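Below you'll find the structure, written out as structure tokens, and then a few comments.
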Amino acid sequence: MKDKTSFFIRGFTQSATLTFISRISGFMRDIFIAAFLGAGVFSDIFLIAFKLPNLFRRITAEGALTSACLPIYTKLIEQKGKSFADKFFKVFIFRTAFFLFLLTIILQIIMPFFIYFLAPGFLDNDLVLDQITTLTRITIIFMPLISIVALLGVATNVSGKFWILSFSPIILNLCLIISCFFISDNWTVKSLPLALATVFGGILQLIFTLIMIKKFGILKLSFKRTNIKEYNQIKLYLKRTWKKFLPAAFGGGILQVNLLVDTVLASLLGFGSVSYLYFADRIAQLPLGIIGIALSNALLTSLSKSSAIKDTKQFSKELIISLKIGLFFSIPASFVFINFSELFIKVLFERGEFSSLETNQTAQALIAYAFGIPAFIIIKSCQPAFFADGNTKTPMYIGFILLLLNIFLSYTLMHYLKHSGIALATSLVSWIGSIMYIVLLIKKGKISKFKFTFKYDQFNLFTVLIYALKIIFTSCLMILIMKSIFYFLNIYKINEISILLFIVLFGMLTYFSTTYFLKYIPQELLKINVFKFRKVN
């Protein structure tokens, strides 16, 4: 590959483009759920039941399993050849699948006790607890299915076909949208069709991924006998992978664990709070999913390649580019959601069972989550730098500290700001975490210390500050234009959907044209064809 950075950039653009389509389908899904269930007890029941398997999805597809397995798989390809690496990988998948299905059976048995922890605020309502338990016993089947899909995504990402894993969530979203039309008061649990669709969607995602793997010859799915020497070597690498898994699960999935904490604490505030946080998080997750997860997946794959051949200069360069791309997209997104939170919620969700009161409550949570969007993405860019080197313990230690801080701040702030205080605590903790990661990367020599320089290809504390200030300046200009259009259209009583479309369109036009003219756009993004979904050699 002539330009090593192109693998990372193309991986990012593939993931980001398909993830954008996936998130749009996810919004459509949530619009239907909000319309059919509102933001009250019925939606709370399903969202709590969906939280546990969704937590596993995010930790596996966006964190622990891939973070533990991908660097070792990549190094084996470089050092021992693809044949041996594939044998190791297939054994790892088989053993992981067996463990996950066993875990699913155990969770089915202890589910009533587990729900007491997941929704402590509903302990005095036996009917609601029983319905949550029933749905969670169904949705938990999604957990092993999507975890296997995530693992197979390691092979597709390493091959350069990042789009396969990024496309698969669209299948789940379509299943959930269709299932909304079967929601009825006649069911014992009103949202039962959504739970069944979750499992069906997981099965279809697995089938789709297997078909794509076979079509492109990414991984031979058949098992061949290995000699004793190879088997012993595979066992050794399996042991190394599992040793890194638990630290990676906690460190890489800390944001998702904190969001789970948000749900648990929100249940203590009464019906509706869980739903307010969920719908707000879904909008805040748009830039995190499109940019943060795309950067993390592409960067982990690319950095693992650089680490395998000990190319420290390329390793540092790609980390620098990732952080710049993260700042470029996350800061304006944060500004937009903070200034137009209520408009977004109203246009997307206020219909059917979702009232104006629920719009106001959800908008408050969105403002709190939006404050932390840049920090969320910085963490997603920094973590792969540790995982690619095989260091899963440092993110675990940081994750443990952030978890304790989140519990403390959430419990404190919820007494003053209700559910918005819980969301704000998650954002504050993410900023603390991003600072911790950057300081450690400076100590490890991955980011240069404070140095006065204005060169584009340099990245240190000074250039971070300067670049962030540039993006803040252009973001303020964008918001000024958007607010002017917003007030102008309101005078003529234009409907909210048209207003949102206009201000978003002109906001994006203002931001991208200004940053292009001032050369604030990370130049690497301008050199790669975003829609070129071919394998990168």
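The values are calculated or read from the model by the stated rules, or taken from the named source; none is laboratory data. As the structure is a prediction and not an experimental result, all values here were calculated from the model. Methodologically, a virtual Cβ is constructed for each residue, glycine included, from the backbone with ideal geometry; neighbour enumeration extends over all protein chains shown. Accessible surface areas use protein heavy atoms only, side chains included; no ligands, DNA or RNA. Shrake-Rupley method; radii C 1.70, N 1.55, O 1.52, S 1.80 Å.
Mean 1/r over all different Cα pairs, inverted: what Kirkwood radius does the stretch 80-177 give, in Å?
16.0 Å
For the stretch 374-521, rounded, prolate or oblate, judged on the Cα gyration tensor with a ≥ b ≥ c (square roots of eigenvalues), a/c < 1.5 rounded, else prolate if a/b > b/c?
Here the stretch 374-521 falls in the oblate category.
Residues with beta-carbon under 14 Å from that of I471, excluding I471: net charge, scoring Lys, Arg +1 and Asp, Glu -1?
+3
How large is the Kirkwood hydrodynamic radius of the stretch 159-234, counting all unique pairs of alpha carbons, in Å?
15.3 Å
What order do you get for 429-438, 473-482, 36-45, 97-106 when each peptide is scored by the mean count of other beta carbon atoms within 10 Å, highest first?
36-45, 429-438, 473-482, 97-106
FRET efficiency for K519 and I494, Cβ-Cβ distance as r, R0 = 30 Å, nearest 0.05?
0.30
Can you run phi through the Karplus equation (6.51, -1.76, 1.60; θ = phi - 60°) for the stretch 143-154 and list ³J(HN,Hα) in whole Hz, with x for Gly and Pro?
Using θ = phi - 60°, the values come out as 4, x, 5, 6, 5, 5, 4, 4, 5, 4, x, 4 Hz.
Could you check how much of the accessible area of the stretch 315-412 is carbon and sulfur, as a whole percent, using a 1.4 Å probe?
Within the stretch 315-412, the accessible surface is 67 percent carbon and sulfur.
Assuming R0 = 51 Å, can you tell me the calculated FRET efficiency for the pair F506 and S83, based on Cβ-Cβ distance, to the nearest 0.05?
0.40
At 1.4 Å probe size, what's the solvent-accessible area of E78? Round to the nearest 10 Å².
Roughly 90 Å² of E78 is accessible to a 1.4 Å probe.
Treating the Cα atoms of the stretch 118-160 as identical point scatterers in vacuum, please give the log10 of the normalised Debye intensity I(q)/I(0) at q = 0.16, 0.20, 0.21 Å⁻¹, two decimals.
Log10 of I(q)/I(0), two decimals: -0.57, -0.68, -0.71.
How much length would be gained if the chain were fully extended between F99 and E353, taking 0.36 nm per residue of separation minus their Cα-Cα distance, in nm to one decimal?
87.4 nm
Would you please give the FRET efficiency between N360 and W431, computed as 1/(1 + (r/R0)^6) with r the Cβ-Cβ distance and R0 = 25 Å, to the nearest 0.05?
After rounding, the FRET efficiency stands at 0.45.
Arranged from highest to lowest average of other beta-carbon atoms within 10 Å per residue, in what order do the peptides 486-499, 208-221 appear?
Per-residue mean Cβ counts within 10 Å order the peptides as 208-221, 486-499.
Mean separation of Cα pairs under 8 Å and 6+ residues apart, divided by the residue count of the stretch 316-379: what relative contact order is that in percent?
Normalised by residue count, the contact order of the stretch 316-379 is 48 percent.
Around P395, with a cut-off of 12 angstrom between Cβ atoms, what is the net charge of the other residues, counting Lys and Arg +1 and Asp and Glu -1?
With Lys, Arg at +1 and Asp, Glu at -1, the neighbours total +2.
Please give the per residue accessible area of the stretch 138-229, computed with a probe of 1.4 Å over protein heavy atoms only, in Å².
Here the residues of the stretch 138-229 average 44 Å² of exposed surface.
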